[in-house]
Amino acid sequence: MMELPPVRPPALLDLSFVRRGGETRIDRRRFRWPFVLTGSFVLDGDPPYLRSVILQSSSGAMTGDDRLSQRIVVAEGAAAHVSTQAATVVHRADPGPGSSERIDLQVAGGGYLEFLPDPRILFPGAALTQRLDLTLAPGGAAIISDSFALHRPSGAEAAPVRYRSDITLRRPVGRPLVLDRQRLPDPPPAETCHAGLYILWPGADAQAAEVSASLSRALAAVPGLYGAASPLPHGMGVGLRLVSRDARALRRGMDLSWSAGRARILGRAPGPGRTGEKRHPAEPG
């Protein structure tokens, strides 16, 4: 399996998942502050080979000069669900230059990754630059999310927020096939909650139009949510954009999309402990 070149300096979080018999196991587990990883598990209702990890943060927030990095590799036949304990607050950047995060993901043929962190909560004056790079081998599948919410406390003085997110999807040893960039305008939009999801699976080229139309219809039924899905270039899968002024509506849209994506890829939706009990992000003020 071709591996990504290591993040330099080494990633603060570095995980590798492998298939051993009928189970997925973690064979590389390295983390430094602020990341905390206490264990992994298989949740009731999930396939027995799907291993879940909940990332925690010892700081609970990102400050104006944080430089975070993650690297997650899923080997052939392995399946992993990676989420976070809660939403992460991004504090005012001044006098620092702003926070940044680099995320490198790699999925081998026959591998499956769900990377579903909770939203970043951008406080007034926050500055965050994110880069997520997914290398997906032919035969591999993934569901990836990227989301944020603007925190606007009542009575607080307005302050600009800087946010940029670059999502790159590629095959091993190849040029990028999908590049999705988000950047907040100044002033920021009235809608405070935003998310992008990417559902990627083998044979998506023949099914993407049908799946996109079905997801768009389902999202239109969520009160307070604007959501739409469309086929991604080069037959990679389906991309979705969700916008809302309400954090609960955004979570409903994200859970609906993730559940539909997993049912399409694995043939079964997440168990009730996944969507029905999943933590809601903090409400923007």
Within the stretch 33-58, which residues are surrounded by 14 or more Cβ atoms within 10 Å (Cβ to Cβ) and either charged (D, E, K, R) or part of a strand (DSSP E or B) (or both)?
F35, V36, S40, D46, L50, R51, S52, V53, I54, L55, Q56, S57
Pick from the stretch 136-163 the residues that are modelled with pLDDT of 95 or more and in a loop (DSSP other than H, G, I, E, B): which of them is nearest to the chain's Cα centre (by Cα)?
G140
Condition first: hydrophobic (A, V, I, L, M, F, W, C), outside any helix (DSSP H, G or I) and over 20 Å from the mean Cα position of the chain (by Cα). Now tell me which residues in the stretch 203-261 satisfy that.
A221, V222
Check the stretch 164-187 and report whether any residue there is in a loop (DSSP other than H, G, I, E, B), small (G, A, S) and at pLDDT below 90.
yes
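Among R20, R71, which is the only one that is under 17 Å from the mean Cα position of the chain (by Cα) and of a type in the set (K, R)? Before you say what the answer is, go through the steps one by one.
Working: R20 fails: under 17 Å from the mean Cα position of the chain (by Cα).
Result of the check over R20, R71: R71.
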Return the residues of the stretch 233-261 that are in contact with a Phe, Trp or Tyr (Cβ under 7 Å, 6 or more places away or on another chain) and under 16 Å from A142 (Cβ atoms); say none if nothing qualifies.
G237, G239
Filter the stretch 59-75 down to residues that are under 28 Å from V107 (Cα atoms) and touching a Phe, Trp or Tyr at 6+ places or on another chain (Cβ under 9 Å) and give me whichever is surrounded by the fewest Cβ atoms within 10 Å (Cβ to Cβ).
L68
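Please indicate, with yes or no, whether at least one residue in the stretch 107-120 is of a type in the set (S, T, Y), crowded, with 18+ Cβ neighbours inside 10 Å and either at pLDDT 90 or above or farther than 21 Å from S147 by Cβ (or both). Lay out the reasoning, then the answer.
If we filter the stretch 107-120 for residues that are of a type in the set (S, T, Y), which is where we start, we get 112.
In the following step, the residues that additionally are crowded, with 18+ Cβ neighbours inside 10 Å were identified as 112.
Filter once more, keeping what is either at pLDDT 90 or above or farther than 21 Å from S147 by Cβ (or both): 112.
Within the stretch 107-120 (the criterion being of a type in the set (S, T, Y), crowded, with 18+ Cβ neighbours inside 10 Å and either at pLDDT 90 or above or farther than 21 Å from S147 by Cβ (or both)), the answer is yes, since at least one residue qualifies.
Looking only at the stretch 76-86, which residues are crowded, with 21+ Cβ neighbours inside 10 Å and either of a type in the set (K, R) or in a loop (DSSP other than H, G, I, E, B) (or both)?
Here is the first cut: in the stretch 76-86, the ones crowded, with 21+ Cβ neighbours inside 10 Å are 78-82.
Within the stretch 76-86, A78 is the sole residue that qualifies.
Can you say whether R162 is surrounded by 11 or more Cβ atoms within 10 Å (Cβ to Cβ), of a type outside the set (V, I, T) and closer than 19 Å to R102 by Cβ, as far as the supplied structure shows?
Working: surrounded by 11 or more Cβ atoms within 10 Å (Cβ to Cβ): yes; of a type outside the set (V, I, T): yes; closer than 19 Å to R102 by Cβ: yes.
Yes; evaluated as a whole, the condition is true for this residue.
For the stretch 31-50, how many residues meet the condition of being touching a residue at least 60 places away in the same chain (Cβ under 8 Å) and over 20 Å from the mean Cα position of the chain (by Cα)?
Applying the first criterion (touching a residue at least 60 places away in the same chain (Cβ under 8 Å)) to the stretch 31-50 yields 43-47, 50.
The next check asks that each one be over 20 Å from the mean Cα position of the chain (by Cα); those that pass are 44-45, 47.
Going through the stretch 31-50 one residue at a time, the tally reaches 3.
Residues are listed down the side, and each one gets a yes or a no for (1) aliphatic (A, V, I, L, M); (2) closer than 17 Å to L134 by Cβ; (3) touching a Cys at 6+ places or on another chain (Cβ under 7 Å); (4) modelled with pLDDT under 95:
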{"residue": "A206", "(1), (2), (3), (4)": "yes, no, no, yes"}
{"residue": "S212", "(1), (2), (3), (4)": "no, no, no, no"}
{"residue": "R217", "(1), (2), (3), (4)": "no, no, no, no"}
{"residue": "A220", "(1), (2), (3), (4)": "yes, no, no, no"}
{"residue": "G224", "(1), (2), (3), (4)": "no, no, no, no"}
{"residue": "L232", "(1), (2), (3), (4)": "yes, yes, no, no"}
{"residue": "M236", "(1), (2), (3), (4)": "yes, yes, no, no"}
{"residue": "L256", "(1), (2), (3), (4)": "yes, no, no, no"}
{"residue": "S259", "(1), (2), (3), (4)": "no, no, no, no"}
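Per-residue answers, yes or no, for (1) surrounded by 13 or more Cβ atoms within 10 Å (Cβ to Cβ); (2) among the polar types (S, T, N, Q); (3) under 19 Å from A87 (Cα atoms):
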site: T168; (1), (2), (3): yes, yes, no
site: P172; (1), (2), (3): yes, no, no
site: I199; (1), (2), (3): yes, no, no
site: G203; (1), (2), (3): no, no, no
site: L215; (1), (2), (3): yes, no, no
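Being in contact (Cβ under 8 Å) with a residue 40 or more places away in the chain and touching a strand residue (DSSP E or B) at 6+ places or on another chain (Cβ under 6 Å) narrows it down to one residue among A79, A86; which is it?
Details: A86 fails: touching a strand residue (DSSP E or B) at 6+ places or on another chain (Cβ under 6 Å).
The unique qualifying residue is A79.
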Need the failing condition index for D65 against (1) in contact with a Pro (Cβ under 7 Å, 6 or more places away or on another chain); (2) in a strand (DSSP E or B), just the number.
(2)
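The values are calculated or read from the model by the stated rules, or taken from the named source; none is laboratory data. Just so it is clear, the structure is predicted and the values come from calculations on it, not from any experiment. Backbone-built Cβ (ideal geometry, glycine too); neighbour counts: all protein chains shown.
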